[in-house]
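**Q** Let me begin by handing over the structure; questions about it come next.
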Amino acid sequence: MPAPEPDSLARVTAEVTACRACPRLVEWREQVARDKRAAYRHQDYWGRPVPGFGDPAARLLVVGLAPAAHGGNRTGRVFTGDRSGDWVFRALHRAGYANQPTSEHRHDGLALAGAWVSAAVRCAPPANRPTPVERDTCLAYLAREWALLGELAVVVALGAFAYQAVAGRAGLRPRPRFGHGVETRLPDGTVLICSYHPSQQNTFTGTLTEEMFDAVFDRAVELSR
């Protein structure tokens, strides 16, 4: 009997993009891709689960909540084509992890060095609210990416939902209370840094400022040296 093929990031990507495990998410992401937003009516929506991307030798893993309905679900790349992504890639660029500060579509030339960007849930959820069951169903993909990124030193969790996914994957007990800038060492030695999610609700109200966001990634640079 032949030995099973070793896992790879390419294999995870292929399995993510073909996944239909959560009926509610499948129905929603495909409905959004059919109906479209008026501003994007002439574009072909991705309409599938969105894989992680970046540098396979990453020292930093950034974990978000889920693709936006008209962001990643449209463009096919996580945090690409929406305002939250604008914040993420500007911050990564300022910290030296990205070659450009913008991310408009998956063929726009964006490249990451030393960073991998992913999400707790890979399909756009209704009202941006995946369920805990959907999070746990998707967690195996994050766990496999994590295991394959053999140089990881730092994980940045964007928002409480992503923090719960990361802590669950890492087996963190006890769990510190979520808060911006909260830092803890995971059982595998990786350092976890929490950040408020760069949602419009947080950025428009000043709950999260660019200075606060930059401080998280500056700390990631320091820890990953």
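The values are calculated or read from the model by the stated rules, or taken from the named source; none is laboratory data. All values derive from a computational prediction rather than experimental measurement. FYI the Cβ positions are ideal-geometry reconstructions off the backbone, even for glycines, and counts take in every protein chain you see.
**Q** If a residue has to be modelled with pLDDT of 95 or more and either small (Gly, Ala, Ser) or in contact with a Ser or Thr (Cβ under 6 Å, 6 or more places away or on another chain) (or both) to count, how many in region 118-134 make the cut?
**A** Looking only at that region, the number is 4.
**Q** Within region 166-199, which residues are closer than 18 Å to Leu223 by Cα and among the small types (Gly, Ala, Ser)?
**A** Of everything in region 166-199, those that are closer than 18 Å to Leu223 by Cα and among the small types (Gly, Ala, Ser) turn out to be Gly181, Gly189, Ser195.
**Q** Search region 132-148 for residues that are over 14 Å from Gln164 (Cβ atoms) and pair each with any residue that is among the hydroxyl-bearing types (Ser, Thr, Tyr) when their beta-carbon atoms are under 7 Å apart and the residues are at least 6 apart or on different chains.
**A** Partner pairs satisfying both residue conditions: Glu145/Ser118; Leu148/Ser8.
**Q** Of the residues in region 1-28, how many are closer than 30 Å to Ala113 by Cβ and not in a loop (DSSP other than H, G, I, E, B)?
**A** Matching residues across region 1-28 total 9.
**Q** Residues in region 14-21: is at least one modelled with pLDDT of 95 or more and more than 22 Å from Pro126 (Cβ to Cβ)?
**A** Looking for residues that are modelled with pLDDT of 95 or more and more than 22 Å from Pro126 (Cβ to Cβ), one finds at least one in region 14-21, hence yes.
**Q** Is it the case that region 198-215 has a residue that's part of a loop (DSSP other than H, G, I, E, B), touching a strand residue (DSSP E or B) at 6+ places or on another chain (Cβ under 7 Å) and polar (S, T, N, Q)?
**A** No: region 198-215 contains no residue that is part of a loop (DSSP other than H, G, I, E, B), touching a strand residue (DSSP E or B) at 6+ places or on another chain (Cβ under 7 Å) and polar (S, T, N, Q).
**Q** While we're on this one: Counting just the residues of region 143-185 that are buried (at least 17 other Cβ atoms within 10 Å of the Cβ) and either among the hydroxyl-bearing types (Ser, Thr, Tyr) or part of a strand (DSSP E or B) (or both), which one comes out farthest from the chain's Cα centre (by Cα)?
**A** Val154
**Q** Still on this structure, please answer the following. Which residues, counting only those in region 97-117, are part of a loop (DSSP other than H, G, I, E, B), in contact with a strand residue (DSSP E or B) (Cβ under 9 Å, 6 or more places away or on another chain) and at pLDDT 95 or above?
**A** Here is the first cut: in region 97-117, the residues part of a loop (DSSP other than H, G, I, E, B) are 97, 99-111, 113-114.
From what is left, the residues that are in contact with a strand residue (DSSP E or B) (Cβ under 9 Å, 6 or more places away or on another chain) are 97, 99, 106, 110-111, 113-114.
Across region 97-117, the qualifying residues are Tyr97, Asn99, Leu110, Ala111, Ala113, Gly114.
**Q** Looking at Leu112 and the list (1) out of contact with any Asp or Glu (no Cβ under 6 Å at 6 or more places or on another chain); (2) in contact (Cβ under 8 Å) with a residue 12 or more places away in the chain, which single condition is not satisfied?
**A** Failing condition for Leu112: (1).
**Q** State all residues of region 47-92 that are buried (at least 24 other Cβ atoms within 10 Å of the Cβ), without any contact (Cβ under 8 Å) to a residue 40 or more places away in the chain and more than 12 Å from the chain's Cα centre (by Cα); if no residue qualifies, say none.
**A** Thr75, Gly81
**Q** Now for a separate question. Any residue at all in region 87-96 that is part of a loop (DSSP other than H, G, I, E, B) and in contact with a Lys or Arg (Cβ under 6 Å, 6 or more places away or on another chain)? Even if it seems obvious, please write down each step before you answer.
**A** Here is the first cut: in region 87-96, the ones part of a loop (DSSP other than H, G, I, E, B) are 95-96.
Next, from what is left, pick out any that are in contact with a Lys or Arg (Cβ under 6 Å, 6 or more places away or on another chain): none.
Within region 87-96 (the criterion being part of a loop (DSSP other than H, G, I, E, B) and in contact with a Lys or Arg (Cβ under 6 Å, 6 or more places away or on another chain)), the answer is no, since none of the residues qualifies.
**Q** Quick check on region 93-126: of everything there that is within 22 Å of Val155 (Cα to Cα) and basic (Lys, Arg), which residue is surrounded by the most Cβ atoms within 10 Å (Cβ to Cβ)?
**A** Filtering region 93-126 for residues that are within 22 Å of Val155 (Cα to Cα) and basic (Lys, Arg), the one surrounded by the most Cβ atoms within 10 Å (Cβ to Cβ) comes out as Arg122.
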